[in-house]
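Derivation of every value follows stated rules applied to the coordinates shown; laboratory data play no part. Predicted, not measured: the structure shown is a model, and the values here were computed from it. Positions of Cβ are backbone-derived with ideal geometry, glycine not excepted, and every protein chain shown enters the neighbour counts.
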Amino acid sequence: MDFPIVTLRQLGRLIQDVRSQKGLTQQQLGDQAGFAQSAISAIETDPKSTKLERIFQLLSALDLELVVRKRKIFISETEW
């Protein structure tokens, strides 16, 4: 299943949703990815200052991958 992400808020929400679907707490995901629980909370809430490397670590811990493709709809920069 694909999860199109066009804003950072959507990325945080996706991480939270997938974590919940897998039955993981923030602490458990943090343990798998090598982060503190507070870091997972911060990323789920507002990922804008998160380094890309950390995003990839989280995606890997959730068994997800990043796919880049041409956008199908226009999103204004104010939604970032």
For residue 51, project a label point 7 Å along Cα to C-beta. Then give me every residue of the stretch 1-41 with its amide nitrogen under 13 Å of that point. 35
Give me the percent relative contact order of the chain, please, defined on Cα pairs under 8 angstrom at least 6 residues apart. 34
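What is the dipole size for the chain, taken about its Cα centre, with +1 at each Lys and Arg Cβ and -1 at each Asp and Glu Cβ, in debye to the nearest 20?
The calculation lands at about 240 debye.
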